[in-house]
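The values are calculated or read from the model by the stated rules, or taken from the named source; none is laboratory data. Quick caveat: nothing in here was measured; it's all calculated off a predicted structure. Here the Cβ positions follow ideal geometry from the backbone for every residue, glycine too, while neighbour counts run over all protein chains shown. Side chains are part of the model used for accessible areas, which takes the heavy atoms of the whole protein and leaves out ligands, DNA and RNA. Shrake-Rupley method; radii C 1.70, N 1.55, O 1.52, S 1.80 Å.
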Amino acid sequence: MHTKPINKALWILLALMFSVMVKAQYTVSGGNGTPLLANDDTRDRLQVYLVSGMSGVTIKYEGTTAKHQWYRYKTKALEPEAIPSVQNGTTSTVSNLTEGYGYFVQEEGVLSRYVWIIDYSLYPFALSNLRVSSSSDGCSTILLASDSELPHMYFYTPSGVQTELKRTMTVSYNTLEWNEDAKSFSDKKSEVTLSGNPFTQSVPAPLCDTEICLSPDTYAEHFGIGQSVCTDTYASLAVELHADTSMVSETAENMYTGDDGLSAPVTVHFRAVANDPVASLYIWKIFQADTTQKDQDITATEPLVRYTGPEIDYTFANAGEFVAQVEVSDRSGTCTTSEQFSLSISESYLKVPNVFSPGTTPGINDEFRVAYKSLTSFHCWIFNRWGKQLYEWTNPAEGWDGKQGGGYIDPGVYFYVIEAKGSDGKKYKKSGDINVLRSKSGIASGTSTTPTN
């Protein structure tokens, strides 16, 4: 598809019209302080100016010709009222203005632009008895309330649409912020910007007792009038909880890792940190889950343990699925939050080797150790072929280094007896041969010892 090039003369005409539009402009002056351009609506070609008091307020128009007429409108530009002006060449000025009107100039060959004047002194930022609204839940957000309302400021677009000029204010208060690296809360100054009615917009609830202040809107700050208003000290209700777990029991090199779950007995440290002193009541509960029911409500079952405090150590000795839940409430019991952790305790496992080589390859099969998981009791005895006990131990994480009386035993066949019990209630009674392997160089070095019968 071909498009015809724009005629050069048309380009020139468009450029001239654009330059005329750019040159034609308004300047507002007067009142107390410098007038503020509060809204510049390019679509409607409307500029909204705030002034503080109407004394001496004027609008100057810089046009392109000496032929132009001033008008004002109350609700729409199609219903204008002609007003006098003082003209000096291509510039003209109107004075004795009335607040709440739109003003504009009609000039031949120039697209009209509009100016609306609002006297801010008629709509001051003045509030009394600022407080947190009784309708605020306080657990996550708060609402502010006051005995007085901020008056609305409206203007009309040239097409007759009533529009509110919204105020912008800042709510400031002290709160707390969680530091993940330090695992603790630190003080923080919070500021929230509100646009429009500040009494219909919620802000995040503070995590500590604090006064809450509402700053004058940006228009009041521009004119240097109005003061911040603050609440009395607000007693915080919001609770923020951070909880974690850590294993107190250490894992062993010979612990079996072939399935999921922790090896019993395992002691778990549960820790909850909240925004004290607002958060004052901590309750830990540990439940054993019923795996035969789906989506079971654990709170409907009786807990294995209930503890009031931020930290608890609990030893899991039985196989199964468990849930640990912490609940934290504020001083009044109004706001509550919780977290929970799921833990799986493995069923028992025990496997016994039948050969090892003490003193021959350090760090490689040089101790007699069982592979195990979730053994709640354990006892192992070592005997020689004549039935003499050489060694015994009760911790499955430990083993026998092949020594007796300070030196290594001779290679050969020895015997073990093991009695153990698992977290799942399973009982183990195992016995068998142990083949002790040692190199000839090891024997020749004199490091072995022949046990006494």
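Remark: the chain carries 54 Å² of accessible area per residue (probe radius 1.4 Å; ligands, DNA and RNA excluded). May I ask for the angle, rounded to the nearest 10°, between helix 8-23 and the longest principal axis of the chain, with both axes built from Cα atoms and the value confined to 0 to 90°? Helix 8-23 and the main axis of the chain meet at about 90 degrees. For the range 185-291, GluC sites (Glu not before Pro) meeting the loop criterion (DSSP other than H, G, I, E, B) and having at most 10 other Cβ atoms within 10 Å: Glu250, Glu253. Note that the range 67-80 has calculated 3J(HN,Hα) couplings of 10, 8, 10, 8, 9, 9, 9, 9, 10, 8, 5, 6, 10, x Hz, one per residue in order, obtained from phi through the Karplus relation 6.51 cos²θ - 1.76 cosθ + 1.60 (θ = phi - 60°); glycine and proline are x. In this label model, Thr163 and Thr315 are separated by 7.4 nm, measuring between points 7 Å along each Cα→Cβ vector.
Taking the inverse of the mean reciprocal distance over all distinct Cα pairs, the Kirkwood hydrodynamic radius of the range 326-367 comes to 15.9 Å. Extent along the principal axes, Cα only, for the chain: 130, 66, 44 Å, with the longest axis given first. Surface composition of the chain: carbon plus sulfur atoms contribute 48% of the solvent-accessible area (1.4 Å probe, protein chains only, all chains present). Too long at a 21 Å Cα-Cα cut-off: which of Lys351/Lys373; Lys403/Lys426; Lys60/Lys166? Distance filter (> 21 Å) returns Lys403/Lys426; Lys60/Lys166.
Relative to the current alpha-carbon distance between His152 and His269, full extension at 0.36 nm per residue lengthens the span by 36.4 nm.
Using a cut-off of 18 Å between alpha-carbon atoms, which aspartates and glutamates can reach Lys421, once sequence neighbours fewer than 8 places away in the same chain are excluded? In chain and number order, the partners are Glu347, Glu392, Glu398.
With the cut-off at under 17 Å, measuring from each backbone N in the range 94-112 to a point 7 Å along the Cα-to-Cβ line of Val86 picks out 94-98. By the Cβ rule of 4.7 Å, the chain holds the following cysteines without a possible disulfide partner: Cys208, Cys380. What's the local net charge at Thr168, with K and R +1, D and E -1, over the other residues with C-beta under 11 Å away? Its environment carries a net charge of 0. Between Asn395 and Ser186, what is the FRET efficiency for a Förster distance of 35 Å, r being their Cβ-Cβ separation, to the nearest 0.05? That gives a FRET efficiency of 0.20.
When the alpha-carbon atoms of the range 110-229 are used, the pair Rg, Dmax equals 18.2, 66 angstrom.
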